[in-house]
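Below is one structure; the comments refer to it alone.
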Amino acid sequence: MGLLFATSRARVRRVRRRLAGDTRSPLAGRRVLVTGASSGIGEATARAAAARGASVLLVARREPELQRLADDIRAGGGRAWVHACDLTDADSVDALVSAVLTEHGGVDYLVNNAGRSIRRSLALSHDRLHDFERTMAVNYFGPVRLTMGLLPAMRAQRFGQVVNIVTWGVQLKAPKFAAYIASKTALDSWSRIAGRETYGDNVTFTNMRFGLVRTPMVTPTEAYAGHGASPEQAAGRVLRALEDRPVTVDGVVGKFGELLNLVAPRATDALFHRVDRRSPDSAAARGE
């Protein structure tokens, strides 16, 4: 119900802007920070935001790739800044926050896109606790630390929007993704609570529960080859979420899976167990 109301309000705001003759994007002149901007969804989102008049702050570990992207954006008339950062390193994140606040005065929009995915069954993970630790470091603790650092300035200026790239696995609970889905579920839940605390300050959160997207992160799994949305298609949805600020962005499959888990949990367990047995671990997951 909350999603329905949020989506309806977003549509009303969009129609009002059009009726008023305002064809500018709400991102025009705003500061948008994108993590994981060196490739995939992050790169496509940064390009799209810059094309709509935003000043984009590009964050990732690979500085040369960020510089390449920044040069492309500037060549097209856009504005971009490079901030290399390892989100798994607390000191690096704190330095990033300090630089952003000092050099840019904070941000208006934050896209927590950087992430790590692991598709590996529990049977192959009994001696790999580091799989869970690494995914939590990148997918949960990193974005939470970054958001917490930037949040006071957002609340002080009484405007902010945080978009988290999570996964439909939050709803589906798909086998072989225990480490990945658990970390994204933690971020999904944390953000819903944070959004309720910051609601009065006009700082909102959106969880984007994407399905498969063709990014470098999914290439180790052979079965995914040629499937999923393109990074540009995913970025289009991210831009819409930045502009309209819905609570969540779900897909049909995720919604259906969430409903099945609610009304028939044991039957859903049996269904996913059968699917799991027919979908073996990848060669990468087996260490081959």
Task: Close pairs from region 182-197: first under 18 Å from ASP250 (Cβ atoms), partner of a type in the set (Ser, Thr, Tyr) and not in a helix (DSSP H, G or I), Cβ under 7 Å, at least 6 apart - done: LYS184/THR167; GLY195/THR204
Task: Extreme residue, surrounded by the most Cβ atoms within 10 Å (Cβ to Cβ), among residues of region 162-177 that are within 17 Å of the chain's Cα centre (by Cα) and aliphatic (A, V, I, L, M) - done: ILE165
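Could you tell me whether region 35-43 includes any residue that is assigned to a loop (DSSP other than H, G, I, E, B) and free of Cβ contacts under 8 Å to residues at least 60 places away in the same chain?
Yes, region 35-43 has at least one match.
Condition first: farther than 21 Å from MET136 by Cβ and of a type in the set (Asp, Glu). Can you find one or more residues in region 56-70 that meet it?
Checking region 56-70: at least one residue is farther than 21 Å from MET136 by Cβ and of a type in the set (Asp, Glu).
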Open item on the list: It is to be established whether one or more residues within region 169-176 are more than 20 Å from GLY42 (Cα to Cα), touching a helix residue (DSSP H, G or I) at 6+ places or on another chain (Cβ under 9 Å), part of a helix (DSSP H, G or I) and modelled with pLDDT of 95 or more.
Closed with: no
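Any chance region 86-93 includes a residue that's modelled with pLDDT of 95 or more, among the hydrophobic types (A, V, I, L, M, F, W, C) and part of a helix (DSSP H, G or I)?
Restricting attention to region 86-93, the residues satisfying the condition of being modelled with pLDDT of 95 or more are 86-93.
From the residues that got through so far, the ones that are among the hydrophobic types (A, V, I, L, M, F, W, C) too are 87, 90, 93.
Narrowing further to those that are part of a helix (DSSP H, G or I): 90, 93.
Yes: one or more hits.
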Open item on the list: Being in contact (Cβ under 8 Å) with a residue 40 or more places away in the chain and surrounded by fewer than 18 Cβ atoms within 10 Å (Cβ to Cβ) is true for just one of LEU146, LEU124, LEU110, LEU129. Which residue is that?
Closed with: LEU124
- [ ] With the condition kept exactly as written, say whether any residue in region 275-286 is modelled with pLDDT of 90 or more, in a helix (DSSP H, G or I) and loosely packed, with under 13 Cβ neighbours inside 10 Å.
- [x] yes
Task: Leading residue by the ranking (farthest from ALA50 (Cα to Cα)) among those in region 88-147 that are within 19 Å of the chain's Cα centre (by Cα) and hydroxyl-bearing (Ser, Thr, Tyr) - done: THR135
Open item on the list: I need the full set of residues from region 27-48 which are within 23 Å of SER98 (Cβ to Cβ) and not hydroxyl-bearing (Ser, Thr, Tyr), in order please.
Closed with: ARG30, ARG31, VAL32, LEU33, VAL34, GLY36, ALA37, GLY42, ALA46
- [ ] Determine whether VAL163 is in a helix (DSSP H, G or I), touching a residue at least 40 places away in the same chain (Cβ under 8 Å), under 30 Å from GLU232 (Cβ atoms) and in contact with a helix residue (DSSP H, G or I) (Cβ under 8 Å, 6 or more places away or on another chain).
- [x] no
Task: Cβ-Cβ under 7 Å pairs, at least 6 apart or on other chains, region 245-258 side on the phi > 0 side of the Ramachandran plot, far side not in a helix (DSSP H, G or I) - done: ARG245/GLN161; ARG245/THR204; ARG245/THR206
Open item on the list: Can you find a residue that is at pLDDT 95 or above, in a strand (DSSP E or B) and touching an Asp or Glu at 6+ places or on another chain (Cβ under 8 Å) anywhere in region 105-127?
Closed with: no
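For region 235-264, name all the residues that are among the small types (Gly, Ala, Ser) and crowded, with 20+ Cβ neighbours inside 10 Å. Break it down into steps so the answer makes sense when it comes.
Start the filter on region 235-264 by keeping residues that are among the small types (Gly, Ala, Ser), which leaves 235-236, 241, 251, 254, 257, 264.
Result: ALA235, ALA241, GLY254, GLY257.
The values are calculated or read from the model by the stated rules, or taken from the named source; none is laboratory data. What you are looking at is a predicted structure, and each value in this text was computed from that prediction instead of being measured. Virtual Cβ from ideal backbone geometry, glycine too; neighbours counted across all protein chains shown.
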